[in-house]
1. For the range 246-289, run through the GluC sites (Glu not before Pro) and keep only the ones in DSSP coil with at most 14 other Cβ atoms within 10 Å of their Cβ.
2. Quick check: pseudo-label points 7 Å beyond the Cα along Cα→Cβ at ARG169 and ALA44, how many nm apart are they?
3. Among PRO218, VAL41, ALA175, flag the residue with its Cα farthest along the positive direction of the charge dipole of the chain, charges on Cβ as +1 for Lys/Arg and -1 for Asp/Glu.
4. Hey, got the dipole for the range 123-273? About the Cα centre, +1 on K and R Cβ, -1 on D and E Cβ, debye to the nearest 20?
5. To the nearest 20 debye, what charge dipole does the chain have about its Cα centre, counting +1 at the Cβ of each Lys and Arg and -1 at the Cβ of each Asp and Glu?
6. Please state the relative contact order of the range 212-267 as a whole percent: Cα pairs under 8 Å, 6+ residues apart?
7. Can you give the accessible area per residue of the chain, in Å², using a 1.4 Å probe?
8. Taking Cα atoms, how many degrees apart are the long axis of helix 132-143 and the longest axis of the chain, rounded to 10 and kept between 0 and 90?
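The values are calculated or read from the model by the stated rules, or taken from the named source; none is laboratory data. Because the structure is a prediction, the values reported are computed rather than measured. Methodologically, a virtual Cβ is constructed for each residue, glycine included, from the backbone with ideal geometry; neighbour enumeration extends over all protein chains shown. Ligands, DNA and RNA are excluded from the accessible area calculation, which covers all protein heavy atoms including side chains. Shrake-Rupley method; radii C 1.70, N 1.55, O 1.52, S 1.80 Å.
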Amino acid sequence: MTISTALGIIGYPIGHSISPIFQQAALDNLDIGAQYRAYEVDPADVGSFVGSLRADSVSGINVTVPHKEAVMPFLDEIDEWAAEAGAVNTIVNRSGHLTGYNTDGYGFLRALRESGGLEPAGKTALILGAGGSARGVVQALLRADIGALTIANRTLARAQSLAELAGPRGVEANAISLPSPEAGPAALSADLIVNCTSLGMRHGPDEDASPLRPEEIPPTALVYDLVYNPMQTPLLRVAELAGANTLGGISMLVYQGAASFEIWLERPAPVGVMMDAALAAMRQRESGA
Ligand SMILES: NC(=O)c1ccc[n+]([C@@H]2O[C@H](COP(=O)([O-])OP(=O)(O)OC[C@H]3O[C@@H](n4cnc5c(N)ncnc54)[C@H](OP(=O)(O)O)[C@@H]3O)[C@@H](O)[C@H]2O)c1
């Protein structure tokens with residue numbers, strides 16, 4: 001398979017992605033006559049697909065699960081955030097030269113500040129999960145001068161390896177198991193709780209599960225769930241019961257996409273248009289779910 005549009009997204013599967021909806025809305029809003037399409041690329045075909053991005057007609061693509069690491073050997077250059085994350089979610093084609101970026105951490109921080117109203121510098125955070133998204137979140141929080149971190153994960157060794165990123169930045173980081181008796185106290189002393197597990201995700205491993213109980217959530221915390229499908233997750237429901245502020249994963253999704261748009265087209269993305277399109281798409285899916 002090769003790319004046949006100027007822009008797009010690759011994944012496997014890809015049918016669930018709402019990126020084509022809000023990216024196309026942005027292109028249309030600015031009267032840019034380009035198409036953004038979803039491409040379901042088999043893992044065996046990633047190299048040849050990435051090779052097709054060097055064509056003059058191509059501006060770039062987004063990359064999602066499971067190709068974020070697999071595309072890296074086929075690129076000419078990798079920017080600092082992507083190299084640190086060990087994952088690429090955006091590729092730009094500049095006259096046949098392919099550069100890989102990672103806008104997930106940027107999108108996470110922008111959503112945290114602009115939609116969640118929380119400045120992380122000096123704060124205490126509890127990160128639930130230690131997979132690909134948790135790595136990006138931890139790196140972003142370290143860059144934003146978070147004060148202290150606890151990383152809680154089902155597989156403790158993965159939390160421990162993520163916590164090791166904090167040492168060189170002089171930040172205190174603990175790794176604990178999830179669930180464990182330490183998780184509740186860690187949550188109760190946190191200013192920010194971020195769910196980076198797939199618990200609560202529609203069609204995920206446990207879509208009705210919340211990683212924390214209401215009595216473990218302080219009303220002063222911001223509870224930020226990266227899961228965006230459904231928009232109201234079990235954790236966000238529990239956090240509302242506890243009186244905490246909440247933030248779902250849609251704004252991060254839109255902000256990381258807006259950052260990709262700005263890299264490809266070198267002009268400001270119409271973020272409001274993208275957000276409205278993303279929310280409308282999610283509401284439509286949820287009403288038909
Ligand atoms: N809003 C956004 O823009 C955005 C961006 C990226 C990801 N996300 C969402 O974030 C979630 C995680 O994505 P990811 O890429 O980090 O996935 P991942 O790399 O597969 O990591 C999954 C994490 O969830 C944990 N987990 C899975 N099943 C579990 C269970 N039954 N009980 C407890 N823990 C469990 C895993 O623990 P183990 O290490 O023990 O396996 C791991 O920490 C997904 O729902 C994804 O849609 C949202």
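1. Within the range 246-289, the qualifying GluC sites (Glu not before Pro) (loop, at most 14 other Cβ atoms within 10 Å) are GLU266.
2. Roughly 4.1 nm, to one decimal.
3. Going by the Cα projections, it comes out as PRO218.
4. Using Cβ point charges on Lys, Arg, Asp and Glu, the range 123-273 gives about 240 debye.
5. Roughly 140 debye, rounded to the nearest 20.
6. Relative contact order for the range 212-267 comes out at 36 percent.
7. 42 Å²
8. 80 degrees
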